[in-house]
1. Would you tally the residues in segment 291-320 being over 21 Å from C36 (Cα atoms) and either in a helix (DSSP H, G or I) or small (G, A, S) (or both)?
2. Of the numbered conditions (1) in contact (Cβ under 8 Å) with a residue 12 or more places away in the chain; (2) over 17 Å from E299 (Cα atoms); (3) over 14 Å from the mean Cα position of the chain (by Cα), H92 fails exactly one; give the number of that condition.
3. Return the pairs, sorted by first residue and then second, in which the second residue is among the hydrophobic types (A, V, I, L, M, F, W, C) and surrounded by 13 or more Cβ atoms within 10 Å (Cβ to Cβ), the first residue lies in segment 141-157 and is assigned by TED's automatic domain parsing to the domain that holds F223 and farther than 15 Å from L172 by Cα, the beta carbons are less than 8 Å apart, and the residues are 6+ apart or on different chains.
4. Among the residues of segment 172-188, are any under 26 Å from H92 (Cβ atoms) and among the β-branched types (V, I, T)?
5. Residue check: is T194 farther than 30 Å from H68 by Cβ, surrounded by fewer than 19 Cβ atoms within 10 Å (Cβ to Cβ), out of contact with any Gly (no Cβ under 6 Å at 6 or more places or on another chain) and of a type in the set (V, I, T)?
6. When you scan segment 265-287, do you find a residue that is in a helix (DSSP H, G or I), touching a helix residue (DSSP H, G or I) at 6+ places or on another chain (Cβ under 8 Å), outside the structural domain of Q98 (by TED's automatic domain parsing) and aromatic (F, W, Y), even just one?
7. Would you check which residues across segment 219-234 are surrounded by fewer than 17 Cβ atoms within 10 Å (Cβ to Cβ) and either basic (K, R) or not in a loop (DSSP other than H, G, I, E, B) (or both) and list them?
8. Kindly establish whether E110 is more than 23 Å from the chain's Cα centre (by Cα), on the phi < 0 side of the Ramachandran plot and among the acidic types (D, E).
Amino acid sequence: MRLSPRAARAVDPRDAENLRREVRAFMASAEFTPRCDSWLTGFDPAFSRSLGGRGWLGMTVPRRFGGHGRGQLERFAVIEELLAAGAPVAAHWVADRQMAPALVAHGSAEQRRRFLPAIIRGECFFAIGMSEPDSGSDLASVRTRARRVRDGWSLTGTKVWSSGAHRAHVVLVLARTAPPGPDRRAGLSQFLVTLPDTAVTVRPIPGLAGEHHFNEVTFDEAFVPDGMLLGEPGAGWRQVTAELAHERGGPERMLSTFPLIRAAAASTGDEAARRALGGLLARLWTLRRASMAVAAALERGDAGAQAALLKDLGTRFEREVIDVVRAHFPVEPDPDSSVPLARALAEAVVQAPGFTLRGGTTEILRGIVARELGVR
């Protein structure tokens, strides 16, 4: 059964402000080291469980499925505070951001019972299997295949850039279940593959500084029961594009380097440095308003092009933060430094190459926006 998007409901601004105060009070007593790109690199299961215990995961999941029935803008307030603080939210990020909405929209009753409560508690972690070797951002060129076998499917293929797959309990895999025809987007389906599995191999893709959150995941005739097909066979493209709107449109697309801005603002800088930081904050405020508009659009179910545009603008902004800091502050990036600015700069520099890739390259995003505007 597919659930239609629920209508956007009015949110009392006081509720959002109360939520912000709660999150800030919690983080004032929580023990963690702020870091850039914390939604990919800050893996702390205990921290995720503590957020679940406070009702800050599965916030938009309807109450009938065990969630909290709150709005996207309320969730926005919580995750914005977590990201701005550089909190370690990577463990639950994919599960809460896009898997919970996908299960609500397309999951079977059994899938919802099995996964949603654990996601909401901060105890079930997901990875995404979309991109493939030699395919770039051409998602319709998927070569991973699922063939029908008794009581399920046999899955074979390779996925890359699967963040957190080495720690995930489940990988959501996009695979071809029917030969491609004139429309290459047809014949794709999504599968929930539980880990560990002897037919699934997860290999690390180290980053520039040796850090590990990306992975290559290979499926060698992995058996997937019928009950682990997400949604309808052949509906994978429609489902995955809806999930990408959640992935592209959140404040993480402009706040990955915010801990670097905070560290720079706390450092000694001349008048030119202060003006440059002021310019960044003015732009960030504009992007924030755009991201809040995407949150409202997600509640209506029509955020695709808006999310793509925000992701393009936001990730370019994040790289410019690095350029401004390097131009105006005499500090060398050092991941082991006791100086917060040097450490935050190092974290941002090594993660920056991925900013404009994850969630779709710049060219793909601009193509989506152009089609929405009717540009040929």
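The values are calculated or read from the model by the stated rules, or taken from the named source; none is laboratory data. On a predicted model such as this, the values are computed, not experimentally measured, just so you know. Neighbour counts are summed over all protein chains in view; Cβ atoms, including those assigned to glycine, are modelled from backbone coordinates with ideal geometry.
1. Residues flagged as over 21 Å from C36 (Cα atoms) and either in a helix (DSSP H, G or I) or small (G, A, S) (or both) within segment 291-320 amount to 17.
2. (3)
3. The qualifying pairs are R147/W153; V149/F223; G152/F223; G152/V224; G152/M228.
4. So far as segment 172-188 goes, yes, one or more of its residues are under 26 Å from H92 (Cβ atoms) and among the β-branched types (V, I, T).
5. Judged against the criteria, T194 is not a match.
6. no
7. The answer is D220, E221, F223, P225, D226, G227.
8. It is true that E110 is more than 23 Å from the chain's Cα centre (by Cα), on the phi < 0 side of the Ramachandran plot and among the acidic types (D, E).
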